[in-house]
Amino acid sequence: MTIDIVVLPGDGIGPEVTDEAVRVLDWFVQHRAVPLRMQRRLFGSAAWAAERSTMPDATWNAIMAADALLFGATGSLDQTHIPPDERRKGSLLRIRKGLDAFANLRPVKAQPALAESSPFKARTVAGTDMVIVRELTAGMYFGTPRGVETQPDGTRRGVNTHSYTEAEIARAARFAFELARTRRGHVTSVDKANVMEAGRLWRDVVTEVHEAGYKDVTLEHMLADNCALQLGRAPTRFDVVVTDNLFGDLLSDCAGAINGSLGMLPSAALSAPREDGRRRALYEPVHGSAPDIAGKGIANPLGAILSAAMLLRWTANAPAEADALEAAVQAALDAGARTADIAMPGETVLSTRAMADAVIAA
Ligand code: NAI
Ligand code: MG
């Protein structure tokens, strides 16, 4: 059965790193008979430039029909020439919502080869192997009311709403507990139950879901500010972290410091299983379009390539190939392959293409 992948390279370094992830996946199509069929589509500012639409109908229909998306990055420096409703139409938030991709997986693994650059870091982060499950389709980024309003006295007021229903919390919690069962059996649920009502509900619902069916997994609750600190000083204590949309956004960037560069972090956003048992999925590096280095061929492609490994694991149901790809990344790093963002002074710096070549060779 062929697996249909829509490739959305997007803006900035998006196309540069996505090209390499596609090349790596092609290797698995050719050498391991993984039945992927990949089609490239324009959206966002690239589609606006070409077709005066940020989300052409053909792209949206392809996205909705696909088994998975491989996404680069969105965000061009200047979008002011694009009308606001067109910007929303072609936004990543709309795609995530359209797929109902509520579970955002962000794995973080310490890379021994990189940790050696600093003895303090080597001691603190060595052995870190965790996944952040970030709820992705509710909370602060979607809650209503929202907007900027002018008050009677003429001054402005900005409003966003942090809103969660029981059902939205429960499905994220179940996902985290199921995932923990395939790992080390420990879940840390992160909220601000001390100062937020929705945070109190988050904690209550996660506890109820735990009591009702996951007593074999250990559960701890942690306040979000403390979690930010613990990610810096004792990241090995974490196995699965489950948290809301806003905290998950911030904490996964914090966790990025553990392996040295934002450019190395992969992610997956998954829906609930459909009737055929398969989840809709969007795979993308955690980083953005990096306008400061775009067009130079120097971006680190490992975040995109490791996202392709997640695609092999979660969509292609090819765990052996996913393991092989992750091992190849590790082997390339162990052998000294470095892009500019992770190179120490004096080390040879590889281009985006050459780093992917090193992974393919491995
Ligand atoms: P960013 O992730 O694009 O860049 C942050 C820093 O990390 C920059 O110094 C950049 O050069 C570096 N960096 C990022 N990826 C790298 C890679 N693969 N290799 C080497 N260095 C890398 O975040 P920033 O600068 O805050 O945002 C830039 C644009 O990206 C904005 O328009 C933002 O909205 C968008 N963005 C899009 C995301 C997405 O598509 N999912 C996520 C985050 C930001
Ligand atoms: Mg972010």
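Coordinate-derived values only; no laboratory data. These numbers were taken from a predicted model, which means no experiment stands behind them. Cβ placement follows ideal geometry from the backbone for every residue including glycine, while neighbour counts extend to all protein chains displayed.
With contacts taken as Cα pairs under 8 Å at a separation of at least 6 residues, the stretch 112-259 carries a relative contact order of 34 percent. Here, the chain is characterised by an Rg to Rh ratio of 0.96, where Rg is the alpha-carbon radius of gyration and Rh the Kirkwood radius.
Our estimate of slack between A122 and V159, defined as 0.36 nm per intervening residue step minus the Cα-Cα distance, is 9.1 nm.
For a paramagnetic label modelled on D292 (point 7 Å from Cα along Cα→Cβ), amide N atoms under 18 Å away belong, within the stretch 255-269, to 255-265.
Straight-line cross-link partners of K89 among the lysines, defined as a Cα under 21 Å from its Cα and at least 8 positions apart when in the same chain: K97. Residues H186, H210 in ascending order of nearby Cβ atoms (within 10 Å, fewest first): H186, H210. The stretch 220-236 and the stretch 35-62 have their alpha-carbon centroids 39 Å apart.
Expressed as a fraction of 2.2 N^0.38 Å, the C-alpha radius of gyration for the stretch 112-259 is 1.19. Can you classify the stretch 4-72 as rounded, prolate or oblate using the Cα gyration tensor, where a ≥ b ≥ c are the square roots of its eigenvalues, rounded means a/c under 1.5, and otherwise it's prolate if a/b beats b/c and oblate if not? Oblate.
Each peptide in 149-155, 301-307, 216-222, 108-114 was scored by the mean count of other Cβ atoms within 10 Å over its residues; highest first, the order is 301-307, 108-114, 216-222, 149-155.
Here the simple spin-label model places points 7 Å from the Cα toward Cβ, and for D204 and R278 these points are separated by 4.0 nm. The distance separating the Cα centre of the stretch 281-300 from that of the stretch 105-177 comes to 20 Å. Take every Cα pair under 8 Å whose residues are at least 6 apart in sequence, average their separation, divide by the length of the chain, and the relative contact order is 22 percent.
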